[in-house]
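Novice: Sharing a structure here in structure tokens format.
The values are calculated or read from the model by the stated rules, or taken from the named source; none is laboratory data. Since the model is a prediction, treat every value here as computed from it, not as a measurement. Here the Cβ is made from the backbone with ideal geometry for all residues, glycine too, and neighbour counts use every protein chain on show.
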Amino acid sequence: MADKANQAAAPIAGAADEAVEADEVEILEAPARGSVDELLDAGAHDELDAMRHSTAHVMAEAVLDLFPGTKLGIGPAIADGFYYDFELPRALTPDDLSAIEARMRESVSANHPFVRKEVPFDDGRAAVEGQGQGYKVEILDDLASKAKEAGEPSPTITFYEHGPFSDLCRGPHVASTGKIGPFKLLSVAGAYWRGDAKRPALQRVYGTVWAGQEALDAFLWRRAEARKRDHRKLGVQLDLFSFHDVSPGAPFFHPKGQLLWRLLEGSMRELQGRRGYLEVATPIVVSERLWRQSGHWDLYKEHMFLVESENQTFSLKPMNCPESTFIYRSRKRSYRDLPLRYNEYGRLHRNELSGALSGLTRVRQFVQDDAHIYVRPDQLMAEIQALLGEVREAYGWFGLTPRFSFATKPDKAIGDPALWERAERLTMEAFAASDISYELKPKDGTFYAPKIDIYIDDALGREWQMATIQIDLTMLPERFDLTYDDETGEGVRPIAIHRAMYGSLERFIGILIEHFAGAFPLWIAPVQAIVIPIADRHVEPAEELASVLRSRGLRVEVDGSNNRMQNKIRLAQEQKVPYMLVLGDREIEAKTAAPRTRAGEQQPAESWDSLADRLAAEAAARGG
């Protein structure tokens, strides 16, 4: 699942910062990190991207001017901005960024045209080598090697020039530097060359540029607000989780964080129970034989944590998919048995580069709310329609409106073309029957499955790719020889649907923390109300009120500390507790309470029983 919003730089980042936890085939089909194709990709796929890539060139010009001898890495456009990697004589400071910005503005004011020049390969390589740009030479040498492997001559290469600056580049660019809109440099981070921790560590300068000042100002506001909402900071403040170097990339969930986890898990289990899912659990440590059979061993081994035992090689599982097939094959299946819906909260491990780890949104250990559904072809449309309903219901719990895309058969697909056509047609009919619009992405499915991806926008307007539904026509059914007996007794292949709703629960929790800025809806707030006795003599009655609330299933704490009342209220607000109930002599005598919300709103007083019933009903309503 792609995550365009996760742009915060880790201390050392790989060349591909955008990679996220995804389905195994998605990862297998992605371009190799640090490959020559990736290094030559300017990331410029529309007009604004082209402006961003052009601004990266102007930044490189400024850095070379201010720091002679700088070695250039790459400088693509990315979501909301751009970056460029440099090998510099010293670490950059905030003052350096200001100086670079000033020099960039001079280049923009000069309105230098961007000029594309095609150069024979040998001449271009000699020019780059003469400039002492070793990283660019390496890119060209890899390009030549790739051409040689394909039996082709070394290609003509292109440079883009503006003013005194020239850079190896495929483009595209804007017409001239004067076409660049308002920009700002944002930060400096580390980046290993080609995403390889064994290669040189460069300095990556991030920036942003927009078509107008209003758009830039809005972005900078969102960025500042995002810092306030950073789940890594709020997770500590709210005592939800922590990270420790004894297990990099694996969160330690504290009691409140684990409670939040269980509330999410419980809600999904309740939904799945209504839909007839059967929960399973499969081993975490699995023999390499399984991964060879599934095809992952050759293509995914580097991302696995390997374990040796008694001269055998095992792996901590990076995905659940193949193991569900063993349960399916545990006995003979009939057409009457389908659909079979297996769900699993499987603990997965993926050996991510340390520099790519980022709080809960990029981890090495995570749990997926996975499901594998086995259906007959005639059941496919109804099942897809039901899954779309599951998505809308589950995201509605948080006040989120999902958007859908549908990716169809790619050119290099495997399987029966007629089955592909039928699966795609039935999926589109399911969308129509559900009255759900979607973005069509022709030829963007996996090689074995058309797929539905689900996106949401958070409170800051950032897009997150969330759930996924893949209609597996061949991979699991063929590789693991899955069959069921049809009405005539003939063995036929089922269709396997891969479904994740939350996706990684860790990532989902991180997104929720940032979306709600830690102020969770009442139904998933770890502490729903806190009773604040004004004086020591009020502590016992406060416990009595808490018992009334707890009897309705509410999660309540009593602050019996020696802090003054205003400090207790302030601490409860910092913990973003939905309701604060201040209790003094008058309230105790009348057995009433006037709730104060975390936003500071003072609600009317009501009886303890009435208050308990009202809050319990609000929590049961489950809404964002």
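Novice: Of the residues P172, P164, which single one is surrounded by fewer than 16 Cβ atoms within 10 Å (Cβ to Cβ), touching a residue at least 12 places away in the same chain (Cβ under 8 Å) and under 30 Å from E101 (Cβ atoms)?
Specialist: Details: P172 fails: surrounded by fewer than 16 Cβ atoms within 10 Å (Cβ to Cβ).
Selected residue: P164, the only one of P172, P164 that is surrounded by fewer than 16 Cβ atoms within 10 Å (Cβ to Cβ), touching a residue at least 12 places away in the same chain (Cβ under 8 Å) and under 30 Å from E101 (Cβ atoms).
Novice: From the list T488, T483, pick out the single residue that is in the same structural domain as V391 (by TED's automatic domain parsing), β-branched (V, I, T), touching a Gly at 6+ places or on another chain (Cβ under 6 Å) and surrounded by fewer than 19 Cβ atoms within 10 Å (Cβ to Cβ).
Specialist: Just a single option satisfies the conditions, and that option is T483.
Quick grid of which residues meet (1) outside any helix (DSSP H, G or I); (2) closer than 22 Å to A519 by Cα:
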{"site": "N562", "(1), (2)": "yes, no"}
{"site": "Q566", "(1), (2)": "no, yes"}
{"site": "A572", "(1), (2)": "no, yes"}
{"site": "R586", "(1), (2)": "no, no"}
{"site": "S610", "(1), (2)": "no, no"}
{"site": "L615", "(1), (2)": "no, yes"}
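Novice: Considering only residues of segment 141-158 that are within 36 Å of the chain's Cα centre (by Cα) and polar (S, T, N, Q), which is surrounded by the most Cβ atoms within 10 Å (Cβ to Cβ)?
Specialist: At the first step, the residues of segment 141-158 found to be within 36 Å of the chain's Cα centre (by Cα) are 141-147, 149-150, 157-158.
Checking the rest, the ones that are also polar (S, T, N, Q) come to 145, 158.
On the way: S145: 12, T158: 16.
Within segment 141-158, the match that is surrounded by the most Cβ atoms within 10 Å (Cβ to Cβ) is T158.
Novice: Look at K179 and say whether it is in contact (Cβ under 8 Å) with a residue 60 or more places away in the chain and either among the hydroxyl-bearing types (S, T, Y) or not assigned by TED's automatic domain parsing to the domain that holds S358 (or both).
Specialist: Judged against the criteria, K179 is a match.
Novice: State all residues of segment 581-624 that are without any contact (Cβ under 8 Å) to a residue 12 or more places away in the chain, surrounded by 12 or more Cβ atoms within 10 Å (Cβ to Cβ) and closer than 25 Å to N567 by Cβ; if no residue qualifies, say none.
Specialist: Q603 - this is the single residue of segment 581-624 that is without any contact (Cβ under 8 Å) to a residue 12 or more places away in the chain, surrounded by 12 or more Cβ atoms within 10 Å (Cβ to Cβ) and closer than 25 Å to N567 by Cβ.
Novice: Okay, next question. For segment 241-248, does any single residue satisfy the condition of being closer than 30 Å to I414 by Cα, without any contact (Cβ under 8 Å) to a residue 60 or more places away in the chain and not charged (D, E, K, R)?
Specialist: At the first step, the residues of segment 241-248 found to be closer than 30 Å to I414 by Cα are none.
Scanning segment 241-248 turns up no residue that is closer than 30 Å to I414 by Cα, without any contact (Cβ under 8 Å) to a residue 60 or more places away in the chain and not charged (D, E, K, R).
Novice: If I ask for residues that are touching a residue at least 60 places away in the same chain (Cβ under 8 Å) and of a type in the set (A, V, I, L, M, F, W, C), which ones from segment 249-281 would you list?
Specialist: A250, L259, L260, W261, L263, L264, M268, L271, L278, V280, A281
Novice: I'd like the full set of residues that are within 17 Å of A281 (Cα to Cα) and not charged (D, E, K, R), limited to segment 346-371. Step through it out loud before you land on a result.
Specialist: If we filter segment 346-371 for residues that are within 17 Å of A281 (Cα to Cα), which is where we start, we get 346-349, 365-371.
If the condition is that a residue be within 17 Å of A281 (Cα to Cα) and not charged (D, E, K, R), then G346, L348, H349, Q365, F366, V367, Q368, A371 are the ones that fit.
Novice: Another question, if that's okay. What pairs come up if the first residue lies in segment 211-224 and is over 16 Å from E514 (Cα atoms), the second is modelled with pLDDT under 95 and exposed (fewer than 14 other Cβ atoms within 10 Å of the Cβ), and their beta carbons are under 9 Å apart, counting only those six or more places apart or on different chains?
Specialist: A211/E47; A218/G461
Novice: All but one of (1) among the small types (G, A, S); (2) buried (at least 20 other Cβ atoms within 10 Å of the Cβ); (3) without any contact (Cβ under 8 Å) to a residue 24 or more places away in the chain hold for S54; which doesn't?
Specialist: The number of the failed condition is (3).
Novice: What is the residue count in segment 502-532 for residues that are within 18 Å of V363 (Cα to Cα) and assigned to a strand (DSSP E or B)?
Specialist: Quick first cut of segment 502-532, residues within 18 Å of V363 (Cα to Cα) only: 502-514.
Of the ones still in play, those that are also assigned to a strand (DSSP E or B) are 502-504.
Final tally of qualifying residues: 3.
Novice: Collect the residues in segment 74-90 that are small (G, A, S) and surrounded by fewer than 24 Cβ atoms within 10 Å (Cβ to Cβ), keeping them in residue-number order. Before you say what the answer is, go through the steps one by one.
Specialist: At the first step, the residues of segment 74-90 found to be small (G, A, S) are 75, 77, 79, 81.
Once the filter is applied, which keeps residues that are small (G, A, S) and surrounded by fewer than 24 Cβ atoms within 10 Å (Cβ to Cβ), segment 74-90 yields A79, G81.
Novice: Got at least one residue in segment 463-479 being part of a helix (DSSP H, G or I), surrounded by fewer than 19 Cβ atoms within 10 Å (Cβ to Cβ) and at negative phi? If you could, list the steps in order and put the result at the bottom.
Specialist: First, pick out the residues of segment 463-479 that are part of a helix (DSSP H, G or I): 475-479.
When the remaining residues are screened for being surrounded by fewer than 19 Cβ atoms within 10 Å (Cβ to Cβ), the result is 478-479.
Pick out the ones that are also at negative phi and you get 478-479.
Yes: segment 463-479 contains one or more residues that are part of a helix (DSSP H, G or I), surrounded by fewer than 19 Cβ atoms within 10 Å (Cβ to Cβ) and at negative phi.
Novice: Against the condition in the same structural domain as M59 (by TED's automatic domain parsing) and loosely packed, with under 14 Cβ neighbours inside 10 Å, how does P113 come out, does it pass? Before you say what the answer is, go through the steps one by one.
Specialist: Working: in the same structural domain as M59 (by TED's automatic domain parsing): yes; loosely packed, with under 14 Cβ neighbours inside 10 Å: no.
Criteria not met by P113.
Novice: Where in segment 351-454 are the strands (runs of 3 or more DSSP E), entirely inside, with at least 3 residues that are surrounded by fewer than 18 Cβ atoms within 10 Å (Cβ to Cβ)?
Specialist: 439-441
Novice: Residues being touching an Asp or Glu at 6+ places or on another chain (Cβ under 9 Å) and assigned to a loop (DSSP other than H, G, I, E, B): count how many of those fall in segment 141-162.
Specialist: So the count comes out to 2.
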